[in-house]
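The values are calculated or read from the model by the stated rules, or taken from the named source; none is laboratory data. Everything numeric here is computed off the predicted structure, so don't read it as measured data. Cβ coordinates were reconstructed from backbone atoms using ideal geometry, including for glycine residues, and neighbour counts include every protein chain displayed. Side chains are part of the model used for accessible areas, which takes the heavy atoms of the whole protein and leaves out ligands, DNA and RNA. Shrake-Rupley method; radii C 1.70, N 1.55, O 1.52, S 1.80 Å.
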Amino acid sequence: MLKEAILAQEFNYYLYYNLIMEAAITIEIKDNTFARQFETVVTEGLISVEYSFQEKKIFLTKINTPDGFTDEDFITELLRNIMNIAYERKLKVVPILPKIALFFRKNTIYRDLLPPGIKI
């Protein structure tokens, strides 16, 4: 009985993960571990999302964009791709930046990435 419940839970996670992966537009992201940031290049320059790790949690602390960059939809897609990376690495996400907390409010499908005790 327990084995069947675990298999059912893993299957549900697999379906949920695939649904989320299909929802995001794929953006090429470099994980620059030396600078502790995810990076992607757009025509205006480099966009980065700074992070720090603690145990199995990733703390998203800052979004850096080039001067004059105003495409909020692209930032949303970038954050979706970063959430998919968190799913792949089995990390919990702690949104330090208010803009990232707002992303979680608007995209409730990713709320299971939040660690226990963090409500947004």
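List of remarks:
- Failed item in (1) over 11 Å from the mean Cα position of the chain (by Cα); (2) among the hydroxyl-bearing types (Ser, Thr, Tyr); (3) closer than 22 Å to GLU39 by Cβ, with TYR110 passing the rest: (1)
- Figure legend. Inter-residue proximity from the range 37-51: first residues over 13 Å from ILE63 (Cβ atoms) and open to solvent by 30 Å² or more (accessible area, probe 1.4 Å), second residues of a type in the set (A, V, I, L, M, F, W, C) and at pLDDT 95 or above, beta-carbon distance below 9 Å, spacing 6+ or different chains. Indicated pairs: VAL41/ILE47.
- Candidates LYS30, LYS62, LYS99, LYS57 - the one that is of a type in the set (Lys, Arg) and within 19 Å of GLY117 (Cα to Cα): LYS57
- First in the range 68-85 and farther than 14 Å from LEU114 by Cα, second anywhere and surrounded by fewer than 18 Cβ atoms within 10 Å (Cβ to Cβ) and not hydrophobic (A, V, I, L, M, F, W, C), Cβ under 6 Å, 6 or more apart: PHE69/GLU44
- Hits in the range 52-62 (condition: within 16 Å of the chain's Cα centre (by Cα) and either surrounded by fewer than 18 Cβ atoms within 10 Å (Cβ to Cβ) or not in a strand (DSSP E or B) (or both)): SER52, PHE53, GLN54, LYS56, LYS57, PHE59, THR61, LYS62
- Candidate set: the range 90-105, residues that are touching a residue at least 24 places away in the same chain (Cβ under 8 Å) and assigned to a helix (DSSP H, G or I); chosen: the one most open to solvent (accessible area, probe 1.4 Å): LYS99
- Among residues of the range 63-76, those that are in a loop (DSSP other than H, G, I, E, B) and either open to solvent by 50 Å² or more (accessible area, probe 1.4 Å) or closer than 14 Å to LYS92 by Cα (or both), counted: 5
- Members of the range 31-68 found to be in contact with an Asp or Glu (Cβ under 7 Å, 6 or more places away or on another chain) and of a type in the set (Gly, Ala, Ser), listed by number: SER48, GLY68
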